[in-house]
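A.B. asks: My questions all concern the structure below.
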Amino acid sequence: MIRLCELGDIPDNDAIGINTEHGEIVVLSRDGAVRAYRNQCPHLGIDLNFQPDVFMDLDGHYIQCANHGALFQVEDGLCVHGPCQGQSLQAVAIEVIGSTVWMRPAGTTTDSQ
């Protein structure tokens with residue numbers, strides 16, 4: 001497994017980007033649940049953000065692609081607004097052990113705590 005971060009590194013209802021040997025991973029925390037997605041918009045395959053660690057819309061409700069404004073649900077990465085509506089961000093399988101967030105090897109299912 002690959003260590004991503006500590007739970008305390010992720011502000012609640014916000015996200016951070018973490019560079020790994022497998023590309024940048026967006027790790028989010030919402031109401032105690034942690035989720036992770038590849039930092040790649042399904043529309044053009046480009047990064048979701050322009051600025052480091054800025055992934056959420058102004059209300060902090062959706063993940064937002066800074067390039068064209070697509071909005072993605074935090075819970076499942078589904079695009080609910082924008083040119084890639086109906087498509088989803090690629091979920092990353094993670095596991096929280098103690099206070100550390102780990103990325104599981106490719107091919108395993110996504111889970112959150």
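A.B. asks: Write out, first by first residue and then by second, each pair whose Cβ atoms fall under 9 Å of each other, whose residues are 6+ apart or on separate chains, and whose first residue, in segment 82-100, is in contact (Cβ under 8 Å) with a residue 60 or more places away in the chain and more than 15 Å from Gln64 (Cβ to Cβ) while the second is open to solvent by 70 Å² or more (accessible area, probe 1.4 Å) and of a type in the set (Val, Ile, Thr).
C.D. replies: Between residues of segment 82-100 that are in contact (Cβ under 8 Å) with a residue 60 or more places away in the chain and more than 15 Å from Gln64 (Cβ to Cβ) and residues that are open to solvent by 70 Å² or more (accessible area, probe 1.4 Å) and of a type in the set (Val, Ile, Thr), the close pairs are Val92/Thr110; Ile94/Thr110.
A.B. asks: Something else: Quick one: in segment 1-40, of everything that is in a strand (DSSP E or B) and among the small types (Gly, Ala, Ser), which residue is nearest to the chain's Cα centre (by Cα)?
C.D. replies: Looking only at segment 1-40, we keep the residues that are in a strand (DSSP E or B), and these are 2-6, 14-20, 23-30, 33-38.
Applying the additional criterion that residues be among the small types (Gly, Ala, Ser) yields 15, 17, 23, 29, 33, 36.
Numbers: Ala15: 7, Gly17: 8, Gly23: 12, Ser29: 9, Ala33: 12, Ala36: 4 Å.
My answer is Ala36.
A.B. asks: Sticking with this one: Out of Ile63, Ile10, Ile18, report the one residue that is surrounded by 14 or more Cβ atoms within 10 Å (Cβ to Cβ) and in contact with a Ser or Thr (Cβ under 8 Å, 6 or more places away or on another chain).
C.D. replies: Checking each option against the conditions leaves just Ile10.
A.B. asks: Continuing with the same structure: Confirm whether Val74 is closer than 13 Å to Leu28 by Cα, of a type outside the set (Phe, Trp, Tyr) and open to solvent by 70 Å² or more (accessible area, probe 1.4 Å).
C.D. replies: no
The values are calculated or read from the model by the stated rules, or taken from the named source; none is laboratory data. As the structure is a computational prediction, the values presented were derived from the model and not from experiment. Cβ coordinates were reconstructed from backbone atoms using ideal geometry, including for glycine residues, and neighbour counts include every protein chain displayed. Surface accessibility is based on the protein's heavy atoms, side chains included, excluding ligands, DNA and RNA. Shrake-Rupley method; radii C 1.70, N 1.55, O 1.52, S 1.80 Å.
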